[in-house]
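I have placed the structure first, in the form of structure tokens, so that the comments after it can refer back to it.
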Amino acid sequence: MKIRPAVAEDALAIAVVHLRSWQAAYQGLVPQDFLDGLDVSHRRLAWQRILGETEWPRVGTFVVEIDKNVVGFVNVGPTRDRDEDPATVGEVTAIYVLGEAWGTGAGRRLMSTAVDSLTQAGFDQATLWVLDTNHRTRRFYETGGWRPDGAVKRDDLRGFPLTEVRYRRLFS
């Protein structure tokens, strides 16, 4: 297993992981027709843009490979939340691992890399958002020292409501 910073050429692999992870992790949590309609080309364009905005050490994406195949990724940067200070609060904006790589330690390694990166970038804490009904992922975060901080938001951008809860981890 190898973790490395993502490069522009990883956009397609990240898009595939993103799409397939959504389809596995959110089955039964979001409408199936939405999951079935996810488009890897749309995700690829988004990841090309995101990877082009890398500004190490404060903003970037890491991938995890098993046998030279990308099986997961994590994206970090300053918080996007208006109630937080982006100078001191980082955010794990996305972390996804293919279903077939769940239980291999890939997610734990990605999260450890994300926390190390955010710490080295000078953040003293970080947040992340998770679907309130995604109990498997919430357990994963809690095992890693993340705790809900009481913030909740509703996302209707996809045409159906998603309720997310914010988790926080202090670095000091």
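The values are calculated or read from the model by the stated rules, or taken from the named source; none is laboratory data. Just so we're clear, the structure is a prediction, and the values are computed from it rather than from any experiment. Note that we place each Cβ from the backbone using ideal geometry, even for glycine, and neighbour counts take in every protein chain shown.
Overview of values
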read-out: Which listed residue is in contact (Cβ under 8 Å) with a residue 24 or more places away in the chain, aliphatic (A, V, I, L, M) and more than 11 Å from Ala11 (Cα to Cα), from Val63, Val74, Val40; value: Val74
read-out: Yes/no for Thr133 being part of a loop (DSSP other than H, G, I, E, B) and surrounded by fewer than 19 Cβ atoms within 10 Å (Cβ to Cβ); value: yes
read-out: Neighbours by Cβ (under 7 Å, 6+ apart or cross-chain): first from the stretch 1-21, more than 15 Å from Glu65 (Cβ to Cβ) and modelled with pLDDT of 95 or more; second β-branched (Val, Ile, Thr) and outside any loop (DSSP other than H, G, I, E, B); value: Ala15/Val40; Leu19/Val40; Ser21/Val97
read-out: Qualifying residue in the stretch 84-95 (condition: surrounded by 15 or more Cβ atoms within 10 Å (Cβ to Cβ), small (Gly, Ala, Ser) and farther than 17 Å from Thr137 by Cα); value: yes
read-out: Close pairs (6 angstrom Cβ cut-off, 6 or more residues apart or separate chains): aromatic (Phe, Trp, Tyr) in the stretch 103-131, surrounded by fewer than 22 Cβ atoms within 10 Å (Cβ to Cβ) and outside any loop (DSSP other than H, G, I, E, B) anywhere; value: Trp129/Glu164; Trp129/Arg166
read-out: Residue match in the stretch 88-99 (condition: in contact with a His (Cβ under 6 Å, 6 or more places away or on another chain), not charged (D, E, K, R) and not in a helix (DSSP H, G or I)); value: yes
read-out: Count of residues meeting criterion [under 19 Å from Ser117 (Cβ atoms) and either outside any helix (DSSP H, G or I) or among the acidic types (Asp, Glu) (or both)] in the stretch 1-49; value: 8
read-out: Unique match (being at pLDDT 95 or above, within 11 Å of the chain's Cα centre (by Cα), farther than 17 Å from Asn69 by Cα and surrounded by 21 or more Cβ atoms within 10 Å (Cβ to Cβ)) among Leu118, Leu110, Leu128; value: Leu128
